[in-house]
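First comes the structure, then the notes that go with it.
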Amino acid sequence: MSELSPKPAAAADIRARIDTSRPHSARFWNYFVGGKDNYEIDRQTGDHIKQIFPGLVDVARTSRHFLGRAVRHLAGEQGVRQFLDIGTGLPTADNTHEVAQRVAPDSRIVYVDNDPMVLAHARALLTSTPEGRTSYLDANLYAPDDILKAAEATLDFSQPVALMILNTLGHVADYAEARDLVARLMAGLPSGSYLVISDSTSTSEGMIAASNAYNQSGAIPYYVRSVEEIAGFFDGLELADPGVVQVTEWRPDGDDATAVDAYCGVARKP
């Protein structure tokens, strides 16, 4: 079963909200992973940043691979059947619901994003197995209580939920606020739930330069953080092995050998 919640806006209203005059992170990332749902301004910005730091393409690609490994681990080895994916981005191959439902067809997934282009594509592309359920919330990370309340229409909060926030927290400029948002979301989830985070990191001069160039492009800024700051999001939780590591080092399956400026972790709520 697939659904949109709350009721989607009319298609014309959605199109009117799409700003093609400046780059957007979801479309920019889509371009880097080889998608076609982007505009000229996104491609121009992407090409400019690739000249500054070609490694950002590897960050996009390997971060996507991490998503798949993390979801397979949680659905397969940990028995998680519910996923709350905030900062969905544009659908590509192997989205969270596809990976989870291949392992466990009865998995339930709620996607959350506030980009109108993501909403437009979610209506067409986010489907579900008959046994499972997939829904989409047109909502904002800065309203965690609203997200949790709306997600209850699809998820059973008496059972564990995997909260996934991938390549999204960098948009929150203030680190203390970002930690607070994560803490408030996790506080609403039961014991046995999981937190999955990945983000670009300030671990090379190239990545810092790329971040600065992106932030000067007119897009909503994205701030790279230290590895220690990424690890701080997991305080009070039980980190799964191998801890907070580069996305290519989290339970690798042989596809990604390149070192990248992006770190991740998966942790359980006691």
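Since every read-out is calculated from the coordinates, none of them should be taken as a lab result. This one's a predicted model, so the numbers in the text were calculated from it and none came from an experiment. Note: ideal-geometry Cβ built from the backbone for every residue, glycine included; neighbour counts use all protein chains shown.
Descending by average beta-carbon neighbour count within 10 Å, the peptides 160-167, 128-135 line up as 160-167, 128-135, the highest first. Panel order for Thr154, Thr92, by other beta carbons found within 10 Å of each beta carbon, from fewest to most: Thr92, Thr154.
Charge dipole of the range 2-268 (Cα centre as origin; +1 on each Lys and Arg Cβ, -1 on each Asp and Glu Cβ, all else neutral): 560 debye, rounded to the nearest 20.
Tell me the volume per residue, in Å³, of the convex hull enclosing the alpha carbons of the range 209-270.
Hull volume normalised by residue count: 109 Å³.
Highest mean first, what order results for 60-68, 137-145 on Cβ atoms within 10 Å?
Put in order of decreasing packing, that is 60-68, 137-145.
Dividing the convex hull volume of the alpha carbon atoms of the range 56-128 by its residue count gives 85 Å³ per residue. Ordering His97, Leu163, Val245 by Cα displacement along the dipole of the chain toward the positive end leaves His97 in first place; charges were set at the Cβ atoms of Lys, Arg (+1) and Asp, Glu (-1). Straight-line reach from Lys269: taking Cα to Cα under 12 Å and skipping same-chain neighbours fewer than 8 places apart, the aspartates and glutamates in range are Asp235, Glu238.
By the beta-carbon count within 10 Å of each Cβ, the least crowded to most crowded order of Lys50, Lys269, fewest first, is Lys50, Lys269. Distances between placed amide hydrogens fall under 5 Å for Phe83 paired with Arg108, Ile109, Val110, Ala162, all partners being 5 or more residues away or on another chain. For the chain, what does the relative contact order come out to in percent, with C-alpha contacts under 8 Å and a separation of six or more? Computed over the chain, the figure is 20 percent. Shown here: the range 65-220, whose C-alpha atoms stretch 46, 31, 29 Å along the first, second and third principal axes, sorted largest to smallest.
Projecting the Cα atoms of Phe234, Tyr194, Gly87 onto the charge dipole of the chain (Cβ charges, centred on the Cα centre) puts Gly87 farthest toward the positive pole. Relative protection proxy for 106-119, 75-88, from highest mean packing down: 106-119, 75-88 (other beta-carbon atoms within 10 angstrom). Per residue, the convex hull spanned by the alpha carbons of the range 2-268 comes to 115 Å³.
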